[in-house]
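Everything on this sheet refers to the single structure shown next.
A short reminder: the numbers here are calculations on the coordinates, not readings from a lab. If you're wondering where the values come from, they're calculated on a predicted model, not measured in any experiment. All Cβ positions, glycine included, derive from the backbone under ideal geometry; neighbour counts span all protein chains shown.
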Amino acid sequence: MKLLRLVFLLAVQSCLIATAAMAQAVKVNEPEVCFACHSDLQDLNAKKHVHTAFKVGKCSSCHNPHASKHATLLNDDAGKLCLSCHKVIKKDITRVSSHQPAAAGDCLTCHDPHASDFPNQLKQATAGLCTTCHPAVTEWMKRAVIHQPVAGKQCMTCHKPHGSDNAHLTTSAVPTLCFQCHKQDQAFQTVHKGYNLSNADCTTCHDPHSSSNKGLLMANQHPPFKAGRCADCHGALAQSGGSFAIQGSVSTLCLKCHNAIATNLKKEFHGHIAGDSSCVNCHNPHASNVSTLLASDQKTLCMKCHFNDMPVKDKTHYITHKDIDCTSCHAPHGANNERLFKDEDWALCKSCHPDAHKGSHPMGPEVINKITNKPVTCISCHKLHGSDYPKYLPLNPDGDLCVQCHKK
């Protein structure tokens, strides 16, 4: 028995020595052996900007030569692989504002992993690359007045590509960013009627990209602002010390003119117009490119407060309901129905879906939902904004949904 054990141990030792010898003997000449099959990649070394690992021929830094769970034999997911070397970008995507492709690890959306004729191995020039995801840029370029960095296709003058501590990926906060180019000289002071703009938000009046109006003023302007009657809302310069202090609270000031909206305060649900700064949470007081002086389009605006726990990609693709405006169903200033519905939910749904459930699932005050002990309505079985299942059903309709109530 001892002899057999000794023979076995000697055999194992011999195998280990042979394996180690083979490992030392097999030396692969990277990238020559790779180019033997991937000859189309060899010419990439002639491009202006070459990825360091590719340039020095270390293909195995990114690719496994034998097998991988990832596409193109990558050693890991593309995003994780890139961030293993690019530590600064790894930090950037955790900042207040992060670029969606970078945060999602989709580095190859913008960058070529081997080489490019553009800096930072971008797949094309910056402006053209940005336009592929931001088609609005094309429309901006058609307007009469274009901000100089936009006209010069210099997106990086104002924006960071991966992440920023400021909204909209800006390189610094407004107005600091604006004052890097626009000096507060006498001409500037005259145009702005002597008010102190050191802490102002320039984007409440000016479009930072382009406009059809002189001075990049936004398309829709509040009548007092357009007429230059600043003192209608703000204290006179002598009274306010040159600041933009307003005459009373925001809501009180706005509702003096917008008295039709003031009637919503009598409704059961009116939280959006109840606070001191309520109106400017949604509206720009001076100008906007959106109707009713909204600070941004409805979908973007509403999701600043709602669905904050959802990833960006889910916010933009999941919350749709056929891309109708939020105010098609909700009354933004006040309503007598929960969730600020303009009407009871069944009546609201029926206005667009008049034939739904005819001769099908019963609904109404006499049909009680066993889970909520309330009448069965549309939202007992359907989600309002989006779902992983057809017709906005919250669960699998082949059984999971129905058995919530019909257990037997």
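Put the Cα centre of the range 338-398 next to the Cα centre of the range 64-119 and the gap is 43 Å.
Entry note, the chain: relative contact order of 9 percent, from Cα contacts under 8 Å with a spacing of 6+ residues. Take the Cβ atoms of residue 336 and residue 185, set R0 to 60 Å, and the FRET efficiency comes out at 0.65. Please list the non-local residues whose amide H lies under 5 Å from the amide H of residue 383, H modeled 1.01 Å from N, same-chain partners needing a gap of 5 or more. Answer set, sorted by chain and number: 393.
Considering only 104, 347, 295, the Gaussian network model of the chain with Cα springs below 10 Å gives its largest mean-square fluctuation to 347. Comparing 351, 278, 296 in a Gaussian network model of the chain, where Cα atoms under 10 Å apart are tied by springs, the biggest mean-square fluctuation is seen for 351. When each full DSSP H helix of the chain is screened for a Cα extent of at least 18 Å along its own axis and an average Kyte-Doolittle hydropathy of at least 0.0, the helices passing are 2-25. Computed over the range 351-404, the Cα gyration tensor eigenvalues convert (square root of 5λ each) into semi-axes of 17, 16, 11 Å, ordered from largest to smallest. Taking only the Cα atoms of the range 250-342, the ratio Rg/Rh comes out at 0.97, with Rh defined as the Kirkwood radius. For the range 191-269, the residue among 195, 217, 265 whose Cα projects farthest onto the positive side of the dipole built from Cβ charges is 265.
FRET efficiency for the residue 291 to residue 33 pair, using the beta carbon distance and R₀ = 56 Å, is estimated at 0.35. Helical runs assigned H by DSSP (4 residues or longer) give the chain a calculated mean residue ellipticity at 222 nm of -6500 deg cm²/dmol, each run adding -39500 (n - 2.57) before division by the residue total.
Checking [x] 25; [y] 42; [z] 54 against the coordinates, the calculated percent of Cα pairs over 35 Å apart falls under label [z]. Answer with one residue from 137, 306, 390: the one whose Cα lies farthest towards the positive end of the charge dipole of the chain, charges on Cβ with Lys, Arg +1 and Asp, Glu -1. Most positive-ward Cα: 306.
Couplings 3J(HN,Hα) of the range 341-353, computed from phi: 5, 5, 8, 4, 4, 5, 6, 5, 5, 5, 4, 10, 10 Hz, in residue order, whole Hz [Karplus 6.51 cos²θ - 1.76 cosθ + 1.60, θ = phi - 60°; x for Gly and Pro]. Placing +1 on each Lys and Arg Cβ and -1 on each Asp and Glu Cβ, with no other charges, gives the chain a dipole about its Cα centre of roughly 460 debye. Post the alpha-carbon centroid distance, the range 154-177 to the range 207-237, in whole angstrom. Centre-to-centre (Cα) distance: 24 Å. The trypsin sites (Lys or Arg not before Pro) of the range 204-292 that DSSP puts in a loop, and whose beta carbon has at most 16 other beta carbons within 10 Å, are 229, 267.
Listed values for the range 95-112 are Karplus-derived 3J(HN,Hα) couplings in whole Hz (6.51 cos²θ - 1.76 cosθ + 1.60, θ = phi - 60°), namely 6, 3, 10, 10, 6, 3, x, 5, 5, 7, x, 8, 4, 6, 5, 10, 10, 8, and x replaces Gly and Pro.
About the centre of its Cα atoms, the range 250-342 shows a dipole size close to 120 debye [charges on the beta carbon of Lys, Arg (+1) and Asp, Glu (-1) only; nearest 20 debye]. For residue 376, the residues whose amide H sits under 5 Å from its own are 364, 367, 368, 369, ignoring neighbours fewer than 5 places away on the same chain, with H placed 1.01 Å from N.
How much net charge surrounds residue 95 when only the other residues with a Cβ under 15 Å from the Cβ of residue 95 are counted, with Lys and Arg +1 and Asp and Glu -1? Taking every other residue near residue 95 into account, the sum is +2. Annotation: amide H of residue 163 within the under-5 Å range of 99, sequence separation 5 or more or interchain, hydrogens built in the peptide plane.
Under the convention that each Lys and Arg Cβ holds +1 and each Asp and Glu Cβ holds -1, the size of the dipole of the range 351-404 around its Cα centre is about 160 debye.
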